[in-house]
């Protein structure tokens with residue numbers, strides 16, 4: 001896949017993309033468990049993805065100063081340095097996927113994808129309760 005190969009020089013694997021994209025938005029605010037929950041991914045899978053990002057130098061996990069049982073996930077300098085390159089790869093992949101669609105169609109597609117994601121999130125919450 002285009003984006004998988006394009007992310008290789010950055011040391012990022014396809015399974016880590018959603019984690020890193022979320023962390024760019026919520027740097028230091030989420031624990032490992034909260035990140036897994038937000039992405040609707042089981043804790044074991046999240047732990048493995050975060051371990052890979054930690055090994056690649058993109059994140060560090062730190063104990064919450066108010067509760068030592070909680071580990072907050074924070075981006076490193078390397079992550080901040082590679083932010084633009086990371087999002088350029090994602091934008092490039094979006095362009096590949098949206099070739100031949102005009103702006104109105106692109107907007108419709110993004111709306112449908114957003115609604116699908118909301119439905120999936122809602123269904124996951126309903127199953128968990």
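Can you pull the one-decimal nm distance between simple spin-label points at residue 34 and residue 120, each 7 Å off the Cα toward Cβ?
Once both label points are built, they end up 2.3 nm from each other.
Tell me, in nm to one decimal, what length is gained between residue 25 and residue 95 on full extension, where the rule is 0.36 nm per residue of separation less the Cα-Cα distance?
Numbers: separation 70, 0.36 × 70 = 25.20 nm, distance 2.18 nm.
Roughly 23.0 nm would be gained on extension.
For n ≥ 4 DSSP H runs only, could you compute -39500 (n - 2.57) per run for the chain, divide by its residues and tell me the 222 nm figure to the nearest 500?
Calculated from helices alone, the mean residue ellipticity at 222 nm is -20000 deg cm²/dmol.
With Rg and Dmax of the Cα atoms in Å defined as stated, name the option among [x] 16.8, 46; [y] 17.6, 57; [z] 16.2, 52 computed from the structure displayed.
[z]
Values quoted throughout were computed directly from the atomic coordinates according to the rules given, and no laboratory measurement underlies them. Because the structure is predicted, anything quoted here is derived from the model rather than measured. Here the Cβ is made from the backbone with ideal geometry for all residues, glycine too, and neighbour counts use every protein chain on show.
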